[in-house]
Amino acid sequence: MSARFVSALYKIVKSSSRTVRTRQLSTIASKSREMEERKIQVGDTEINYARVGTGDHPVLLLPGALGTIWTDFKPQMENLNVNKLTIVAWDPPGYGKSRPPDRTFPDDFYQRDATYAHNLMKTLGYSKFSLIGWSDGGITSLLLSSAYPDSIYKMVVFGANAYIHPDETKIYKSIRDINKWSEKMRTPMIQTYGVDYFQKMWSDWIDTVLGLYEKQNGDLCKQVLPKIKCSTLVIHGAKDAMVLPEHPTYLKQNIANSKLHIFEKGAHNLHLRYSEEFNNLVTDFLVD
């Protein structure tokens, strides 16, 4: 067997091995990005969830008021690191595909959502996990992490508040009419719910939070913040028109193991507008 033949054979084998390795890596990457979405029974309710990723750090994404997996977290479901994280997002009861039954807003609806969210993750097999909560989902996350401190690794909350400021009641009243919403924010909700259900549900939410302001002197979850033990990242958009700038400071001051990051150009939906920067920030925080 000539040296030239052996050299040529070696090159062929080496090239073939490289091709196989490339295919294997491609297959692994493809599996990491495989998305599942379905309903699962959680207590007395069927909850719709989506899951992607193969990382050993599970994280639950919690949408805002009336929000769903795809209206509120599409850039995160599609682009968060699926090798380091296993990403789960849900439609809270009465939202999105977690219907029927239709959404209701009793005075304890935040606490109710926190319990369902915790039980969803337990049902999916996660005894401990992290949270990324936006707006109402941030409030739910604060309650969840305080009620089940041993279940939470880390938490990211943004556009969230532990209480309602008097000026914010005026904001809520001014946006009761969905026709006053921007087209960009209104259209996904109409596509999800239809105009009538969207307007009814939004009006019910407004009535409930205004009622909580009166009944609880604006307190949503102030009393439970000292019970939060997990490392927490509070994010706020400096141009947020829904949440006053005192809220992230209050959270930072009252959650023991927390830090604050301000998006100077960000508004209430900063994770959608600046998704790449947001995704990198929260991934670094979660996997550090």
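The values are calculated or read from the model by the stated rules, or taken from the named source; none is laboratory data. Predicted model, so just to flag it, every value in this text is computed and none were measured. For neighbour counting, all protein chains shown are included, and Cβ atoms are generated from backbone atoms with ideal geometry for every residue, glycine included.
Output the number of residues of segment 211-223 satisfying the condition of being farther than 30 Å from Glu264 by Cβ and surrounded by 17 or more Cβ atoms within 10 Å (Cβ to Cβ).
Start the filter on segment 211-223 by keeping residues that are farther than 30 Å from Glu264 by Cβ, which leaves 211-212, 214-217, 223.
Applying the additional criterion that residues be surrounded by 17 or more Cβ atoms within 10 Å (Cβ to Cβ) yields 212.
Qualifying residue count for the region: 1.
Mind listing whichever residues of segment 60-74 are of a type in the set (Val, Ile, Thr) and not in a loop (DSSP other than H, G, I, E, B)? Can you show your working first?
The initial filter retains those residues of segment 60-74 that are of a type in the set (Val, Ile, Thr), namely 68-69, 71.
Across segment 60-74, the qualifying residues are Ile69, Thr71.
For segment 17-36, does any single residue satisfy the condition of being outside any loop (DSSP other than H, G, I, E, B) and at pLDDT 95 or above?
Checked segment 17-36: at least one residue is outside any loop (DSSP other than H, G, I, E, B) and at pLDDT 95 or above.
Scanning segment 158-174 for residues that are in a loop (DSSP other than H, G, I, E, B) and among the hydrophobic types (A, V, I, L, M, F, W, C), which turns out surrounded by the most Cβ atoms within 10 Å (Cβ to Cβ)?
Step one: of segment 158-174, the residues in a loop (DSSP other than H, G, I, E, B) are 159-162, 164-165.
From what is left, the residues that are among the hydrophobic types (A, V, I, L, M, F, W, C) are 160, 162, 164.
Details: Ala160: 27, Ala162: 22, Ile164: 22.
Filtering first and then ranking leaves Ala160.
For Thr283, state whether it is surrounded by 15 or more Cβ atoms within 10 Å (Cβ to Cβ) and assigned to a helix (DSSP H, G or I).
Numbers: surrounded by 15 or more Cβ atoms within 10 Å (Cβ to Cβ): yes; assigned to a helix (DSSP H, G or I): yes.
In short, yes.
With respect to the numbered conditions (1) over 19 Å from Phe109 (Cβ atoms); (2) buried (at least 16 other Cβ atoms within 10 Å of the Cβ), which one is the sole condition not fulfilled by Asp196?
Checking Asp196 against (1) over 19 Å from Phe109 (Cβ atoms); (2) buried (at least 16 other Cβ atoms within 10 Å of the Cβ), the one that fails is (2).
Count, please, the residues in segment 116-125 that happen to be among the hydroxyl-bearing types (Ser, Thr, Tyr) and surrounded by fewer than 18 Cβ atoms within 10 Å (Cβ to Cβ). Step through it out loud before you land on a result.
As a first pass, look at segment 116-125 and keep what is among the hydroxyl-bearing types (Ser, Thr, Tyr): 116, 123.
If we keep only those that are surrounded by fewer than 18 Cβ atoms within 10 Å (Cβ to Cβ) too, we end up with 123.
Total satisfying the criteria: 1.
So, of the residues in segment 75-134 that are free of Cβ contacts under 8 Å to residues at least 60 places away in the same chain, of a type outside the set (Gly, Ala, Ser) and assigned to a helix (DSSP H, G or I), which turns out to be farthest from Gly211 (Cα to Cα)?
Checking each candidate, the answer is Glu78.
Return the residue satisfying two criteria in turn: it lies in segment 236-280 and is surrounded by fewer than 20 Cβ atoms within 10 Å (Cβ to Cβ) and small (Gly, Ala, Ser), and of such residues it is farthest from the chain's Cα centre (by Cα).
Checked segment 236-280; the qualifying residue farthest from the chain's Cα centre (by Cα) is Ala256.
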